[in-house]
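Participant: Have a look at this one before I ask anything.
The values are calculated or read from the model by the stated rules, or taken from the named source; none is laboratory data. These figures come from a predicted structure and were not determined experimentally. In this analysis, Cβ positions are derived from the backbone assuming ideal geometry, glycine residues included, and neighbour counts consider all displayed protein chains. Each accessible area value is taken on the protein alone, full model and side chains, heavy atoms only, with ligands, DNA and RNA left out. Shrake-Rupley method; radii C 1.70, N 1.55, O 1.52, S 1.80 Å.
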Amino acid sequence: MFYVKLAFDSLRKNKESYLPFLLAGTAAVALNFLVQLLIYSSGVKNLQFASDIVRLLLVLGQVIIGLLSLVIMIYTYSFLKKGKEKEFGLYSILGMKKSDLVKISLIQQAMSFAITIVTGLITGFVFAKLMILLLVRMVGGKTFGMELSLPALACTIAFFFGVYAVLTIIDAIAVARTKTLDLMKSEKKGASAPKNRWLFFLFGGAALIWGYGLSLTVPSPIKAVNQFFFAVLLVAVATYLLFIAASTLILKALQKKEGYYYQSKHFITVSNMLFRMKQNAVGLASIALLTTMTLVVTVTTASMYFGKADLVQKMFPRDVEVALENKGITEEQVDSLVNKYDLKASGKYTQTVSLPARAAMSKDQHFTSTEYASNANERNIQFMTLDEYQAATGDKQSLKANQVLAYGRNGGKLTRSDIYLGKDRYSVKQNLKSIKGMPSASADSTASFVFVLPTEESLQSATKTFFPEVDESKIMQTSYFFNISGSAKHEEDFCNALDNYQGQNMSFQVKSMTEKVMNGIYGGFFFIGILFSISFILATGLMIYYKQISEGKADQAQFEILQKVGMSEGEIKKTIRSQIIWLFGLPIAVSLIHLSFAMPMINKLLLAFSVPVTGAVYVVMAMTILLMVTIYYIIYKITSHTYYKQVTELN
């Protein structure tokens, strides 16, 4: 009971320090419990087309948010631990053994665990009710079921029991390894200048150039997916190394500039940052990376979500596309099914083009048939005759025997005027911007080309090269396009009837079904992006807030001395403003630079998900930056006011 009383008194006396830590714990528990509830909710399980996809995204999101929660808890506790170590040092001088100090720490962690679990679970359940409405609406679901799930409850409690166990172990190790006098001085101990600053600077610069270079030169969407996480790792390492090295070098250089350093507002700012050199650098780097992650995740997932409508329009010039492969089904049979289910068809037309062939494209635009093309040079190519092109488009183009028309889709581009289809050389008469009635995008992110060939003989030569083992009668595919109107139930019955023909040399796509699937995929991604952004913003805010509170408490004595020696209220405000501008201005500037260099890779990632890169992507980016800066400014106002109140009692 004696230890419990000491632990409780410590929490009560240090409530200003404990409150942000408990807030961080409550928010982390709430976010994790919220995601767990969504995973087990009936609303997600009953999604018609995207249940498995959305649940997979939520599970992946849970892993990331769980890891981030652990990092946040350890980081915020590191500030709290310094004050505790001073208190433990006093207890040690009064005769307590280190085992007694560990007992007190264990009781404090148990109390913190109980508080954060209870408040976090309640908060998480309340917000989960709101978030399930948002999620189901975004993915196009109809049921909004959300129940209190015992597995979700058990997983959350077990995870945070482990988190607090880690914090207790950290405390025990610190107490066991540190001498009593060191415990007393831990709160006032400054950070020493890092050794090998120039080495850090060189390695950081090299990693940053490498990471930026990967983003700027990524050749294809598939390559962007493969390189993205490596590029992120390089930039993250570079950010930490450069903040540690560059901040030290810059501050030391400013200290040597007497005209700058010996001004009151600069003297205190530079001195304070040098005093906490490593801690400041790591903290600022962490804030910069969290801000960057918020921007990148939001821009990418929002662009996917808001770009899906444009993608569907490009994939479907009509509501339905039926591939009449080798007469597996005829136009008349399709029309009969339309009538059978009380639907009306309009805007009918057919188009004949070859099946897609996988090819490798060399730098001199030599296309060769292959099953093993690299990510950078893999292309899908299709062929159609000039007669079919003229019939489909009404364009009365003429071609010589060695000429072709080329239509690039999904980012496919030709940079030279000549191409080679196997051994046959052709001159590209025109790069077409579109072919009337042909889908201008596909779910396959591979860059593709449609080549319009002048004669049947040239078509046969190309198909023999790229379809050597396919029956000639099955290479060319006629697709039947049309719009349908009628009730959703009749449309669903029509699709089920068409589905019975699948596997009989027939395939089909329906616009409404594809929209529902894409709502599930891209809506799920955007929802996870929103959760990640909330987590990152929360982590950023807590990190800044806790940093300001802990440093304000430590700086209080310094500013009291400065007041006594004659520093005015206005000078103190200028000094504090200068110090806080460093804290807020530098990370947001670095995050915007990171985002600028990340945009080429983000564009390729969007293409990997078949999302066309349009001006809307940059509108989303601008709105995201504006929103982030606004949130950042609110955090700045709150924390700067808190810091000022702590370091001075002036009104």
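Participant: One residue is enough: does the stretch 587-609 have a residue meeting the conditions modelled with pLDDT under 70, in the same structural domain as ILE287 (by TED's automatic domain parsing) and in a loop (DSSP other than H, G, I, E, B)?
Facilitator: no
Participant: Also: List the helices (runs of 4 or more DSSP H) that sit entirely inside the stretch 71-185 and contain at least 1 residues that are among the polar types (S, T, N, Q), modelled with pLDDT under 80 and open to solvent by 60 Å² or more (accessible area, probe 1.4 Å).
Facilitator: 98-139
Participant: Which condition from (1) over 21 Å from the mean Cα position of the chain (by Cα); (2) at pLDDT below 85; (3) open to solvent by 20 Å² or more (accessible area, probe 1.4 Å) is the one that ALA245 breaks?
Facilitator: Of everything listed in (1) over 21 Å from the mean Cα position of the chain (by Cα); (2) at pLDDT below 85; (3) open to solvent by 20 Å² or more (accessible area, probe 1.4 Å), ALA245 misses just condition (3).
Participant: Still on this structure, I have one more. Name the pairs: first residue in the stretch 622-636 and in the same structural domain as VAL590 (by TED's automatic domain parsing) and within 15 Å of PHE584 (Cα to Cα), second residue buried (at least 16 other Cβ atoms within 10 Å of the Cβ) and not hydrophobic (A, V, I, L, M, F, W, C), Cβ to Cβ under 7 Å, at least 6 apart or on different chains?
Facilitator: Once the first residue is in the same structural domain as VAL590 (by TED's automatic domain parsing) and within 15 Å of PHE584 (Cα to Cα) and sits in the stretch 622-636, its partners that are buried (at least 16 other Cβ atoms within 10 Å of the Cβ) and not hydrophobic (A, V, I, L, M, F, W, C) give MET628/THR291; MET628/THR294; ILE635/GLY541.
Participant: Mind listing whichever residues of the stretch 291-330 are at pLDDT below 85 and touching a Lys or Arg at 6+ places or on another chain (Cβ under 8 Å)?
Facilitator: Matches in the stretch 291-330: GLU325, ASN326.
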